[in-house]
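S.K.: Sharing a structure here in structure tokens format.
The values are calculated or read from the model by the stated rules, or taken from the named source; none is laboratory data. These numbers come from a predicted model, not from an experiment. Reconstructed Cβ throughout: ideal geometry from the backbone, glycine too, with neighbour counts over all protein chains shown. SASA here: full protein model, heavy atoms, side chains in, ligands and nucleic acids out. Shrake-Rupley method; radii C 1.70, N 1.55, O 1.52, S 1.80 Å.
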Amino acid sequence: MLLAIDVGNSNTSVGLFDKDKNLRFLASLDTDSRKTADQISIDLMNLFTLYHFSYKDVTGAILCSVVPPLNFMMEKALTRLLGKPPMVVGPGVKTGLNIRLTVQTQVGADIVADAVSALEKFEPPIITIDMGTATTIGVISEGRTYEGGLLLPGVNVSLEALSRRAAQLPDISLQHPKALIGKNTEDCMRSGIVYGTAGMLDGIIDRIREQFPGRDISVVATGGNAPVIVRYCRNKIIYDKFLLMDGLWTIYQKNR
């Protein structure tokens with residue numbers, strides 16, 4: 001079995017694959033850079049107990065992280081728990097991507113995993129959208145080339161900033177709006193953030209499409225906020241909850 005871990009700024013996703021690439025469970029933990037290796041180990045052991053699997057059956061692990069302060073403790077915890085260090089997505093790991101950035105090491109490990117997974121499922125050109133703490137948009141062209149992308153504030157970050165900086169605006173959760181035109185403060189905020197983000201994504205997708213005249217572009221979205229936003233976009237966007245995890249599986253197989 002393969003243990004795949006994605007450490008994001010807000011949440012850490014933990015997935016367990018069997019030998020046939022079936023995802024046996026996908027769990028989420030709070031990301032806390034203050035945790036020790038022992039605390040992380042206990043969290044992982046509790047997840048295995050919760051989902052009725054044994055960590056002793058794990059034959060390998062792969063780690064993807066965008067929180068550098070937590071990397072050492074996470075690697076230490078996995079090594080202690082599994083008896084060998086995990087594969088870490090980063091420089092030196094084969095991905096099959098041709099990354100066309102001025103500084104290749106600046107591309108996030110999660111973006112790399114999304115791109116690798118997207119290329120397994122779609123023909124380029126491809127637009128990937130990962131909606132987490134930040135909204136990251138990647139563009140992949142022929143020849144497995146990662147052309148670059150865009151970075152935007154995530155939906156929840158925008159909501160929190162709006163509530164914090166405007167004295168009369170309350171804290172609200174991200175939910176489907178009742179209508180385009182809100183009738184009270186909360187409904188207005190919810191409509192604004194959902195339809196506003198959807199409109200922003202549509203505009204960006206249309207502008208990227210102009211870079212590939214006459215070509216059909218596949219657009220795939222993942223991340224915790226994607227299910228709420230994607231349904232309000234006018235462009236066809238495929239939601240794939242397991243995009244990043246499937247990418248980690250593929251990267252592990254390329255390097256094992």
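S.K.: Which one, ALA61, ILE208, ASN235, is farthest towards the positive end of the dipole of the chain when Lys and Arg carry +1 and Asp and Glu -1 on their Cβ?
M.R.: Highest projection toward the positive end goes to ALA61.
S.K.: Next question. Provide the three semi-axes, in whole Å and in decreasing order, of the ellipsoid equivalent to region 134-193 as defined by the square roots of 5 times the Cα gyration tensor eigenvalues.
M.R.: 33, 14, 7
S.K.: On a full-extension model of 0.36 nm per residue, what is the gain between ASP216 and GLU142, subtracting their alpha-carbon distance, rounded to one decimal in nm?
M.R.: Going from the current span to full extension adds 25.4 nm.
S.K.: Return one quarter of the surface area of the convex hull spanned by the alpha-carbon atoms of region 56-166, equal to its mean projected area, in nm².
M.R.: Numbers: hull surface 37.5 nm².
For region 56-166, averaging the hull's shadow over all directions gives 9.4 nm².
S.K.: Suppose we look only past 30 Å in the calculated P(r) of the chain. What percent of the Cα-Cα pairs does that tail hold?
M.R.: Tail fraction, whole percent: 32.
S.K.: Listed here are the pairs LYS121/LYS178; LYS84/LYS254; LYS56/LYS254; LYS35/LYS94; LYS35/LYS178; which of them are more than 28 Å apart at the Cα?
M.R.: Details: LYS121/LYS178 34 Å; LYS84/LYS254 19 Å; LYS56/LYS254 23 Å; LYS35/LYS94 30 Å; LYS35/LYS178 40 Å.
Beyond 28 Å: LYS121/LYS178; LYS35/LYS94; LYS35/LYS178.
S.K.: Next up: Pick out, from ALA198, LEU180, ILE111, the residue whose Cα sits farthest towards the positive end of the charge dipole of the chain, with +1 on the Cβ of Lys and Arg and -1 on the Cβ of Asp and Glu.
M.R.: ILE111
S.K.: A further question follows. Give me the extension gain from ASP171 to GLU120: residue separation times 0.36 nm, minus the current Cα-Cα distance, reported in nm with one decimal. Each step should come with its number before you reach the end.
M.R.: On the way: separation 51, 0.36 × 51 = 18.36 nm, distance 3.96 nm.
Difference between extended and current length: 14.4 nm.
S.K.: Work out the length of the dipole vector of the chain about its Cα centre, built from +1 on the beta-carbon of each Lys and Arg and -1 on the beta-carbon of each Asp and Glu, and round it to the nearest 20 debye.
M.R.: 160
S.K.: Determine the order of ARG80, ARG34, ARG207 by accessible area, beginning with the largest, at a probe radius of 1.4 Å.
M.R.: ARG34, ARG207, ARG80
S.K.: With the other protein chains left in place, how much accessible area per residue, in square angstrom, belongs to region 71-193 at a 1.4 angstrom probe? Provide the component values of the computation, followed by the final result.
M.R.: Values: 6530 Å² over 123 residues.
Heavy-atom SASA per residue in region 71-193 reads 53 Å².
S.K.: Please work out the Cα convex hull volume for region 152-256 and give it in Å³ per residue.
M.R.: 135
S.K.: Follow-up. For region 117-140 and region 29-74, compute the distance between their C-alpha centroids and round to whole Å.
M.R.: What the calculation gives is 26 Å, centre to centre.
S.K.: For the chain, what are the DSSP H helices with axial Cα length of 27 Å or more and mean Kyte-Doolittle hydropathy of at least -0.5? Please list the in-between numbers first.
M.R.: Working: long enough: 185-209 (35 Å, 0.06).
Helices meeting the criterion: 185-209.
S.K.: Would any residue of region 1-16 have its amide N under 11 Å from a label point 7 Å out along Cα→Cβ of VAL93? List them or say none.
M.R.: Zone members listed by number: 4-7.
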